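The values are calculated or read from the model by the stated rules, or taken from the named source; none is laboratory data. For clarity, every value in this text was computed on a predicted model and none was experimentally measured. Cβ coordinates were reconstructed from backbone atoms using ideal geometry, including for glycine residues, and neighbour counts include every protein chain displayed.
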Amino acid sequence: MKSYITTPIYYVNGSPHIGHAFTSVMADILKRNRQALGCDVMLSTGVDEHGQKNQEAAADLGMGYQEFLDMRGKEFRSVFDLVGISYDYFVRTSREGHKEAVAGMEQTIFDKDLIVKKNYTGTYCKGCEEFKKESDLTEDGQCPLHPTMQVEQTEETNYFLKMEPFRERLLQHIADHPDFVQPEAFRNELKQMLAEPLEDLCISRPKSRVTLGVDLPFDPDFVTYVWFDALTNYLTNIDWPKEGYESWWAECEHLIGKDILKPHGVYWPIMLMAAGLPLPKKLSVHSHWVGAGGVKMSKSIGNVVDPIEVVEKLGVDALRWYLARHMRADSDSQISVELITQTYNSELGNKIGNLLSRVAKFSNKNFGGKVPAPGPLSAEDEALRKSVVEATSGFSRWIDLQDIPARAQAIVTLAEEMNEYIDKQAPWTLFKNEDTRERCQTVIYVTLDCLRVIMEALQQVIPGSADKALAMLNAPAAPSPWTPVLDRLEGNGNLGEIESLFPRVQ
Ligand code: MSP
């Protein structure tokens, strides 16, 4: 089975930030989950290099376009590498093959008489790179998504894609495929966007205003609207229109933030219908991160969370864990370096890492660097093992974007149960007496073997730390396809070198 997961391609007008890292980390978690299930997965992420916003950012830095785009491309790529995104394809829309295919798509739609040229007067938001209706604006006439960027009055001749002929069909598609947009709150939002007749979509920009873009194949005085160009990446990454793309396209899932639901839920499906292509399988939509106290992150407030700074201070898995564990499904979630530090210390450190190092060190010291062989299991051992299988089985099933926090939470609850188990069994006391030494061995074995299962599951979320823990346990290769299988740690087998997994950070 195949799965093609995409992230948005990010504008390069600024440096990569936590929001960009978030969607790409979630995509990476989904990829690792599906691979563990035996799926053939392709993950694309990358950058959106065209449009007025990027063009002006290059000019502000006094840089030539190519030099600017190369610099930003490297910057985004290195942050995605830093946070462990196992992307198969890094998108750059300035790539020749992409540009050719975008022009091909436009020509196909143009030849069907679905693109018209006309004069248009309207309000333009550079942040969204789109024309706005009066009803889209705030009371003082600004874009609600970009209140600090003044909207502009623009009068221009442009090319427009007819949208209204496809509206009913798109609504029908949404009704027939309840899974097309998840979660439901965003499906309803999309239906709302489609409740009224649609205006034509402006798909060009005159070169007098924007030059950083793909030339319109049927009029050299214009470049392609950046969204038309960017959305097409999802097809050009898999080599559309060349043969072989179809099987990937049929399994395509777009991960997006709620800010870009309209282009993905309205423009893109209609572009595809106009070109005679099937729609993607699914749009998985997430809410946003905001600063502590629910305040929007901004440089002036000083509450911007920089992914590089977090990784340097706490390590990549502190960041990945927080992002996976604390995003709420349909409302914004709070993030700050302090919150990440607290979660890292309390969940990864106190509940998981300490348990592992305490028990592994004890075993190392008292059983000659080995995992002790277990004796008969007690009812308490069996109960714990059952909980381990239940909680980790969330990782042997298909994970959707909105499932990630709950699956991670199940591991925390499980770790709490394991800590209670070990405190109650008190192997340190059992070891002191010859008569209870075998029981001690069993408790240690059960704990280490359960930790092995947990770490195998966590390979999907925090792969670096999980691999390190599995090396400490000298665990055999995990089952493939992955399921929680007990008793795979060898009794009397050697332990690896024990080190602190999540050292405490103040
Ligand atoms: N270039 C377009 C997307 C084109 S896709 C064909 C774009 N770029 S963007 O740089 O503005 O990135 C938007 C995306 O970044 C969001 O949809 C989301 O995935 C991510 N995020 C940006 N800010 C975010 C938060 N504060 N929180 C979570 N994710 C956010 O739009």
Number of the exception - Leu61 against (1) surrounded by 21 or more Cβ atoms within 10 Å (Cβ to Cβ); (2) free of Cβ contacts under 8 Å to residues at least 60 places away in the same chain: (1)
Residue tally, condition more than 17 Å from Asn354 (Cβ to Cβ) and part of a loop (DSSP other than H, G, I, E, B), over region 454-494: 23
Any chance His326 is buried (at least 16 other Cβ atoms within 10 Å of the Cβ) and closer than 17 Å to Phe186 by Cβ: no
Selection count where residues are surrounded by 22 or more Cβ atoms within 10 Å (Cβ to Cβ) and β-branched (Val, Ile, Thr), scope region 400-433: 2
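Need at least 3 residues that are among the acidic types (Asp, Glu) and not assigned by TED's automatic domain parsing to the domain that holds Pro405 per element, so show me which helices (runs of 4 or more DSSP H) inside region 12-89 make the cut, counting only ones lying wholly within it.
Once the helices (runs of 4 or more DSSP H) in region 12-89 are filtered for at least 3 residues that are among the acidic types (Asp, Glu) and not assigned by TED's automatic domain parsing to the domain that holds Pro405, what remains is 65-82.
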Whichever residue in region 372-401 is outside any helix (DSSP H, G or I) and under 37 Å from the mean Cα position of the chain (by Cα) and, among such residues, is nearest to Asn492 (Cα to Cα): Ser396
Test: residue in region 344-365 that is within 16 Å of the ligand (Cβ to nearest atom) and not basic (Lys, Arg): no
Test: residue in region 27-43 that is away from the ligand (no atom under 13 Å from the Cβ), surrounded by 20 or more Cβ atoms within 10 Å (Cβ to Cβ), acidic (Asp, Glu) and more than 18 Å from Val214 (Cα to Cα): yes
Selection count, region 230-259, where residues are more than 9 Å from the ligand (Cβ to nearest atom) and not aromatic (Phe, Trp, Tyr): 15
Yes/no for Glu139 being of a type in the set (Asp, Glu) and modelled with pLDDT of 95 or more: no
Some residue of region 237-255 being buried (at least 16 other Cβ atoms within 10 Å of the Cβ), in a loop (DSSP other than H, G, I, E, B) and polar (S, T, N, Q): yes
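Going by the structure shown, is Leu194 in the same structural domain as Tyr87 (by TED's automatic domain parsing), in contact (Cβ under 8 Å) with a residue 12 or more places away in the chain and closer than 14 Å to Met105 by Cβ?
So Leu194 does not fit the description; no.
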Selection status of Leu161, in the same structural domain as Asp48 (by TED's automatic domain parsing), aliphatic (A, V, I, L, M) and touching a Pro at 6+ places or on another chain (Cβ under 8 Å): no
Region 204-221: number of residues that are closer than 20 Å to Ala59 by Cα, out of contact with any helix residue (DSSP H, G or I) (no Cβ under 8 Å at 6 or more places or on another chain) and part of a strand (DSSP E or B): 1
